[in-house]
Structures are given as structure tokens and as C-alpha cells.
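The next block holds one structure in the form of C-alpha cells; read it before the comments.
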Amino acid sequence: MTNLQDELPLEWPVYHEYTIELRKGADPEDMEVLRHHTASTSLDAIGLIGGLRDRSAFRDKVAWRAQEVDGKGDLFGLAPDGVIFQIHVTPDLNTELAE
């Protein structure tokens, strides 16, 4: 008699690429996506994050809280007119991509 074990679904989603978004809005809960990019490696994602950060700092005078996204994949900044900017990465850069 063989004992069959049920197969459990994956608990965590599997990602094949990083999604990087530049968001803008007056309320952090309701932000408009200005730019949407994908990257197949963490180095490419870091390059895109730096480009979005530098472009918005120059073009919109955004003062960013840091140079890099945090452990959740977020980086926030504030424009002189009080508008909030956010760079968001999914999954966070500590997550390895599936092949």
C-alpha cells in the first residue's frame, strides 16, 4: 500500500522579472503610475531605479529620502509643490528570480 501525499500549492509567488514603477500623487494610497519598466536581473533593476531617481530629481526637483529602495522595494521622495513620488520594485531586490 502506497501512501500518497497531497501536493501543496506554493506559498510565495514565483517571479521571473522585476517590475519597477515610478509613481506620483498627493496621497500614498492613491498614486498614479508614471513609468513602468521590467528587468531580468537585479543589476538591471538597480540601473533603472537610479535612472528614474535621477531623472525625477532633475526634472521635477524631487528630494529623495535615500539613494536606494528599502527592504520592501520602496523609495519615497517629495517634490517642492508637496507631491509625493515613489519608486516601487516588485519583488524586492532581495528576492531571487526564477529561471
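The values are calculated or read from the model by the stated rules, or taken from the named source; none is laboratory data. Predicted, not measured: the structure shown is a model, and the values here were computed from it. FYI the Cβ positions are ideal-geometry reconstructions off the backbone, even for glycines, and counts take in every protein chain you see.
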* Asked: Tell me, which residue of region 19-75 that is exposed (fewer than 15 other Cβ atoms within 10 Å of the Cβ) and of a type in the set (K, R) is nearest to E96 (Cα to Cα)?
  -> K72
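With respect to A45, determine if the residue is touching a residue at least 40 places away in the same chain (Cβ under 8 Å) and not in a loop (DSSP other than H, G, I, E, B). If you could, list the steps in order and put the result at the bottom.
Details: touching a residue at least 40 places away in the same chain (Cβ under 8 Å): yes; not in a loop (DSSP other than H, G, I, E, B): yes.
Spelling it out, A45 is indeed touching a residue at least 40 places away in the same chain (Cβ under 8 Å) and not in a loop (DSSP other than H, G, I, E, B).
Tally time: how many residues in region 48-99 are part of a helix (DSSP H, G or I) and of a type in the set (S, T, N, Q)? Lay out the reasoning, then the answer.
First pass over region 48-99, keeping only residues part of a helix (DSSP H, G or I): 48-59.
Restricting the remaining residues to those that are of a type in the set (S, T, N, Q) gives 56.
The total comes to 1.
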* Structure fact -> Here the residues within region 76-99 that are hydrophobic (A, V, I, L, M, F, W, C), surrounded by 11 or more Cβ atoms within 10 Å (Cβ to Cβ) and under 22 Å from P13 (Cβ atoms) are I87, V89, L93, L97
* Structure fact -> Here the qualifying pairs (Cβ atoms under 7 Å; residues six or more apart or on different chains; first in region 48-75 and farther than 11 Å from I87 by Cβ; second at pLDDT below 95 and surrounded by 13 or more Cβ atoms within 10 Å (Cβ to Cβ)) come out as G71/D92; K72/D92
